[in-house]
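Engineer: Dumping the structure here so I can ask a few things about it.
The values are calculated or read from the model by the stated rules, or taken from the named source; none is laboratory data. The shown structure was predicted, so the numbers you read here are calculated from the model rather than taken from an experiment. A quick note on method: Cβ atoms are made from the backbone with ideal geometry, for glycine too, and the neighbour counts reach across all protein chains shown. To get the accessible areas, we keep the full protein, side chains included, count just its heavy atoms, and leave off ligands, DNA and RNA. Shrake-Rupley method; radii C 1.70, N 1.55, O 1.52, S 1.80 Å.
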Amino acid sequence: MLSDRQIKSPVASRVTSRRLLLVAAGMSLLGAAAGCKSPWSGDGSSSTNPDAAAGAPEVLLPADGAASPSASASSPVPSPAPPSASATPWADASGVQPVRKALSDAESKPVYELDPAQRVVALTIDDGPDPKYTPAVLDLLQQHGIRATFFLIGENAVEHPALVKEIADRGHHIANHTWTHPDLRHMSESAVRDELERTSDLLQRTAGRLPTWFRAPGGDWSPVSLKVAADLGLRNMAWSVDPRDWARPGTSAITERILKDVRPGSIVLNHDGGGDRSQTVAALKLYLPALIDSGYYFTAPPN
């Protein structure tokens, strides 16, 4: 429903129409047919992170066709032609996700950004679920028709199973962020395995989905954690835009850093857990519509 201000202002109405067009295109993107080029970078050569290895495979297509709860089936807004997508490398023709797919060495390397040739952004949310801030983030994403990836901490997820299920039920991608958020670089293989396996098992029991993506706390991967993740069928997702919202630098700082640094193919890091995330929520209210108005689409791995 349009606000009084939008009803009274023809300029605002035109802006709203543009956002609806872009959201509609994003919904079409989520359901794009298999067999086309993925928006995710296939060779790693365009990564802004010097540690991103060349030869990283083309990794996920945008989402799996489940429309956002905010999308209206009867919307009169036509859907522009969206960026194209490819088939998931781990799903069969029926779309069924296999259990703990064995990964190649190339598939195990962290992914730092998507295909820069497409105006696509992946929004990732870390450290939840949180009973105060996660619902606020979910409402904002629904308002704008955006699908995100939530990297959940096991010890938070076990305390808030209803929130885990809500994230999944709203169509977002659920991913593994360890059980206790430790520094994995100084841990044994058995300890790392416990952190990841315990979290994946919990998320599967709670949401009915076995996670297929993992993010190391702080982005601090190690040879051990990469090996364990591969053993558990977990691909590694890093990021290319970090506004350091966890440090609470202020809403304007978070917003300005993201709008300044986002490029086609960016993976954006935000947080909904681990402390007071009111600045992050306030920043999302500002930069999400700004990115949509700039013509960006949002994507996430298939469920």
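Engineer: Among the listed pairs K260/K285; K227/K260; K109/K260, which are separated by more than 23 Å between their Cα atoms? Walk me through the intermediate numbers first.
Structural biologist: Numbers: K260/K285 16 Å; K227/K260 35 Å; K109/K260 27 Å.
Flagged as over cut-off: K227/K260; K109/K260.
Engineer: What are the semi-axes of the equivalent ellipsoid for the stretch 99-179, taken as the square roots of 5 times the Cα gyration tensor eigenvalues, largest first, in whole Å? Mind dumping the intermediate values first?
Structural biologist: Values: eigenvalues 112, 71, 21 Å².
With the √(5λ) rule applied to the stretch 99-179, the semi-axes are 24, 19, 10 Å.
Engineer: Quick check: pseudo-label points 7 Å beyond the Cα along Cα→Cβ at D220 and A253, how many nm apart are they?
Structural biologist: 2.2 nm
Engineer: Continuing with the same structure: Kindly state, to the nearest 0.05, the FRET efficiency for A162 paired with D105, given R0 = 41 Å and r defined as their beta-carbon distance. Please report the intermediate quantities before stating the final value.
Structural biologist: On the way: r = 39 Å, r/R0 = 0.94.
So the FRET efficiency works out to roughly 0.60.
Engineer: Any chance you could look up the accessible area of D183 with a 1.4 Å probe, heavy atoms only, rounded to 10 Å²?
Structural biologist: The accessible area of D183 comes to roughly 60 Å².
Engineer: A follow-up question, please. Starting from the Kirkwood radius over alpha-carbon pairs of the stretch 126-283, derive D by Stokes-Einstein at 4 °C in a medium of 1.567 mPa s and give it in µm² s⁻¹. Walk me through the numbers before you get to the answer.
Structural biologist: Numbers: Rh = 15.8 Å.
Translational diffusion coefficient: 82 µm²/s.
Engineer: Also, I was wondering about something else. Can you give me the C-alpha center-to-center distance between the stretch 245-301 and the stretch 183-228, rounded to a whole angstrom?
Structural biologist: Answer, in whole Å: 25.
Engineer: Around L141, with a cut-off of 10 angstrom between Cβ atoms, what is the net charge of the other residues, counting Lys and Arg +1 and Asp and Glu -1?
Structural biologist: Working: positive: R147, R170; negative: D139.
Result for the local shell: +1.
Engineer: If you don't mind, there's one more thing I want to ask. What's the FRET efficiency of D293 with D169 using the Cβ-Cβ distance as r and R₀ = 35 Å, to the nearest 0.05?
Structural biologist: Working: r = 29 Å, r/R0 = 0.82.
It comes to 0.75.
Engineer: At q = 0.29, 0.30 Å⁻¹, work out log10 I(q)/I(0) for the stretch 240-303 with the Debye formula, treating every Cα as an identical point scatterer and leaving solvent out; two decimals please.
Structural biologist: With one equal scatterer per Cα and no solvent, log10 I(q)/I(0) is -1.34, -1.39.
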